[in-house]
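Asker: Encoded as structure tokens, here's the structure I'll be asking about.
What follows is calculated from the coordinates using simple rules that are stated; it is not laboratory data. What you are looking at is a predicted structure, and each value in this text was computed from that prediction instead of being measured. Here the Cβ positions follow ideal geometry from the backbone for every residue, glycine too, while neighbour counts run over all protein chains shown.
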Amino acid sequence: MSGDQDKLECIRRAIGGDQVALTVLLTESETRLQSRLRPRMPADLRSTLDVDDLLQEIYSDIFRNIERFEPRGEDSFDRWVATIALRRLRAEIRRHRAAKRGGRCTPVRHAGTVADESTVTLLNLIEASDRSPSRTAAGSEAVAAVEAAMGLLPENYRAAVRLVYLEGSTVAEAARALGRSERAIHNLCHKAKEKLRNMLGPQSRYLSSSG
């Protein structure tokens, strides 16, 4: 992306529902967000509050609320993202400290089997796109959206998902390749799919026309 006009156009498209455009914007802001968040993470929580996991929650908040964003000046998008990031950080600090005190902390439950299968189907579109010379426009958009969202996942999540869902490795094979336990691979894939669902939103509209 080059220049303010390109960024403004990308923001306009993101507000209009272009998830690939929004993913590009967030990818560009990732380093700034990490630099903003890390110094604000309390020392007593750094062993349990992971900045990469926190970023995924922030991205989910942004994807859910981007349609409400109103551009007001050149840096308004960056300020809006920073506000969401700090709000999420404060919420996570409260949640982790409540858990440390013995308070009950109920995780948010995401969509069940149907959403999970839809995410896997979208992941499979990436593999199919490499072999098929022709794709529907909707299928192409779905592939681009998933590929872009995959780029926002932490590296260990990405590696597990690619091995298991895109390269066809068994969980045992993926565990050996990554030097992890099979349980760890299951957990990484589960968390990755949850985060992809949060970032991608209602992508089922692509599935109906992409077969």
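Asker: Grab the Cα-Cα distance for R90 and Q34, subtract it from 0.36 nm times how many residues apart they are, and report the gain in nm with one decimal.
Answerer: Taking R90 through Q34 to full extension adds about 18.7 nm, to one decimal.
Asker: Here's a follow-up. What FRET efficiency do you get for D4 and E147 if R0 is 22 Å and r is their Cβ-Cβ distance, rounded to the nearest 0.05?
Answerer: 0.25
Asker: Further question: At R0 = 35 Å, how high is the FRET efficiency between R13 and E182 if r is their beta carbon distance? Nearest 0.05 is fine.
Answerer: 0.30
Asker: Given Cβ point charges of +1 (Lys, Arg) and -1 (Asp, Glu) and nothing else, what value in debye, to the nearest 20, does the dipole of segment 1-68 about its Cα centre take?
Answerer: 220
Asker: What nm value, rounded to one decimal, do you get for the distance between E70 and T48 when each label is placed 7 Å out toward the C-beta?
Answerer: Output for this residue pair reads 4.0 nm.
Asker: For segment 162-173, what does the Karplus curve 6.51 cos²θ - 1.76 cosθ + 1.60, with θ = phi - 60°, yield as ³J(HN,Hα) per residue in whole Hz, taken in order and with x for Gly and Pro?
Answerer: 5, 5, 7, 9, 9, 9, x, 6, 6, 4, 5, 5
Asker: If packing is taken as the mean number of other Cβ atoms within 10 Å per residue, what is the order of 9-20, 153-164, highest first?
Answerer: Order by mean packing, descending: 153-164, 9-20.
Asker: Excluding residues on the same chain fewer than 8 positions from K195, give the aspartates and glutamates whose Cα lies under 17 Å from its Cα.
Answerer: By straight Cα distance, K195 reaches E30, D50, D52, D53, E57, D61, E92, D116, E117, E147, E155.
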